[in-house]
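Asks: What follows is a structure written as structure tokens; I'll ask about it next.
The values are calculated or read from the model by the stated rules, or taken from the named source; none is laboratory data. The structure presented is a predicted model; accordingly, all values stated were derived computationally and were not measured. Note that each Cβ is placed from the backbone with ideal geometry, even for glycine, and that neighbours are counted across all protein chains shown.
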Amino acid sequence: MSTDEATTTSEDVLHQLRQTDSRTLRFLPGGLGLGLRFTDEAAARYQRESIAAITLADDVAEGTRARFDMLRTVWPYGVLCYEIFTLVGEHALLVIEQALRDRFMQLTGGHLVFVKNGVERTVSATSYEDVVRAARRGAKLRISLGKEIAFNGMLDGLRSWARAEGLLRGQANQRIEATLTDLRNWVAHSNGHQLDMPTSAIGKLQDVAEIINQLWDHRTPGGRLYPQLAERQIMTLAWNPVNGDQYTEPAEHLLADGDVAGLRYLIVRAVDEPNRPGSLGLFGFDALHETTTYPAQLLWGPGDRAAAADWYRQEQPESDLVDHFDHLYLLRHHCRRLYQPMRHDVAAGLTGEACEGTWYAVKTDDPSRAFVHVRNLLTAEGCDQQERCDTCSAMNLATGAHADVLAQLPPVPPVQAQDAAMPSARPRWHEIAGRQSL
């Protein structure tokens, strides 16, 4: 082959490599755009901007960061080769184990205590391979909180460790993490092939980034798995006892002039969340039962506007932050009635007849999941008494009489909650026959 022919061939190859993959042009920000197409320049700009928004926190371990940043570097080239999107999405799943290993070594410092048959064995590990070898001897690992957990050094053991240490949180997230682990195992030991859409692949990359950042105690603003803590603002809830009209507004508005005669007011600390499908939002507030997605706290009321304004002016309550995850709810089933969830401290403050029946302690991310889970337990529809229920993303902690359930939970100061609720709050109980109450 002559020099000119070789040069021409090389130029042809480079020209082909520079051509936009036409499959990429069909994917707009919302997914597959039927009948619509990106221009070459717009496709390149969109993919570059999409990946630029997915970042890791500054203190993430260098090994994890290097592998993740390599994927971010390669991603925009999917505009030229569509298969790159799939390769990046699949390899992102492999970075989860790298992150867990790096975080494990950081937090333990390589000093491990294994316990078997009551006998302690201390191990000094200079690499994670040392950890894996030590874990193969079948002892339990003692973590920083003093608990002892089963630990095999593999990905599932690392996930269990991260959960036990409180690095990963959320009952629904636990199921998502398990799904990502299954996908990772499929990638690592695949017997087949699949081609991901860019929207699916970048979704994996976003989830992996959120998990990694959470391992280093950083939330993701607007994230799907680990969003920032929600702010509980000081709000007023008001209703007209005559015509049933209801209102909600920031409590600071109480200091302004004006009033609607006859309104009754509550002042609460709560997340002013938009109504979700099937949710009443703050209009469903009940001081005795958990009926809002995020825990809401009654501060004052009910009363008229003048009294509410005086209290607010004197007390000046402040907002706070509340987590989205792992709330403990207690539910009562008595005389064929399943009651709405209660907070732990509110249930602990009950006395007399209010304690009768069978009680269920459930950990979930929101009260509606807790209610559905216990309802399903009672009606034998898809849930059972195993410790964890993936159907409802709920964890069973205890079942039995009121005193027995409380005895199995960490002690809390009991709260004598006031019987106050918005007129539109959900019924406090639903008739569900189920099993016989205690």
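Asks: Among the residues of segment 56-66, write down those that are in contact (Cβ under 8 Å) with a residue 40 or more places away in the chain and not in a helix (DSSP H, G or I).
Replies: Of everything in segment 56-66, those that are in contact (Cβ under 8 Å) with a residue 40 or more places away in the chain and not in a helix (DSSP H, G or I) turn out to be 56, 57, 59, 60, 61.
Asks: Surrounded by 15 or more Cβ atoms within 10 Å (Cβ to Cβ), out of contact with any Cys (no Cβ under 9 Å at 6 or more places or on another chain) and assigned to a helix (DSSP H, G or I): does that describe residue 49?
Replies: Considered against the rule, which asks whether it is surrounded by 15 or more Cβ atoms within 10 Å (Cβ to Cβ), out of contact with any Cys (no Cβ under 9 Å at 6 or more places or on another chain) and assigned to a helix (DSSP H, G or I), residue 49 comes out as no.
Asks: Cβ-Cβ below 8 Å, separation at least six or inter-chain, first residue in segment 178-201 and over 24 Å from residue 389 (Cα atoms), second assigned to a helix (DSSP H, G or I) and of a type in the set (Val, Ile, Thr): which pairs?
Replies: From residues that are over 24 Å from residue 389 (Cα atoms), the pairs are 194/86; 195/86; 196/86; 198/24; 201/86; 201/88.
Asks: Filter segment 214-265 down to residues that are out of contact with any strand residue (DSSP E or B) (no Cβ under 8 Å at 6 or more places or on another chain), surrounded by 13 or more Cβ atoms within 10 Å (Cβ to Cβ) and of a type in the set (A, V, I, L, M, F, W, C), then give me how many there are.
Replies: The number of residues fulfilling the criteria is 3.
Asks: Still on this structure: Being farther than 16 Å from residue 252 by Cα, more than 25 Å from the chain's Cα centre (by Cα) and not β-branched (Val, Ile, Thr) is true for just one of 295, 302. Which residue is that?
Replies: 302
Asks: Also: Residues being at pLDDT 90 or above, surrounded by fewer than 13 Cβ atoms within 10 Å (Cβ to Cβ) and among the hydroxyl-bearing types (Ser, Thr, Tyr): count how many of those fall in segment 118-170.
Replies: Counting residues in segment 118-170 that are at pLDDT 90 or above, surrounded by fewer than 13 Cβ atoms within 10 Å (Cβ to Cβ) and among the hydroxyl-bearing types (Ser, Thr, Tyr) gives 4.
Asks: With the requirement that a residue be buried (at least 21 other Cβ atoms within 10 Å of the Cβ) and among the small types (Gly, Ala, Ser), what does segment 64-117 give you?
Replies: If the condition is that a residue be buried (at least 21 other Cβ atoms within 10 Å of the Cβ) and among the small types (Gly, Ala, Ser), then 78, 89, 92, 99 are the ones that fit.
Asks: In segment 66-107, what residues are within 21 Å of residue 49 (Cβ to Cβ) and basic (Lys, Arg)?
Replies: 72
Asks: Any idea which of 340, 316 is at pLDDT 95 or above and surrounded by fewer than 16 Cβ atoms within 10 Å (Cβ to Cβ)?
Replies: When all the criteria are applied, what remains is 316.
Asks: Would you confirm whether any residue within segment 241-248 is assigned to a strand (DSSP E or B) and closer than 26 Å to residue 415 by Cβ?
Replies: yes
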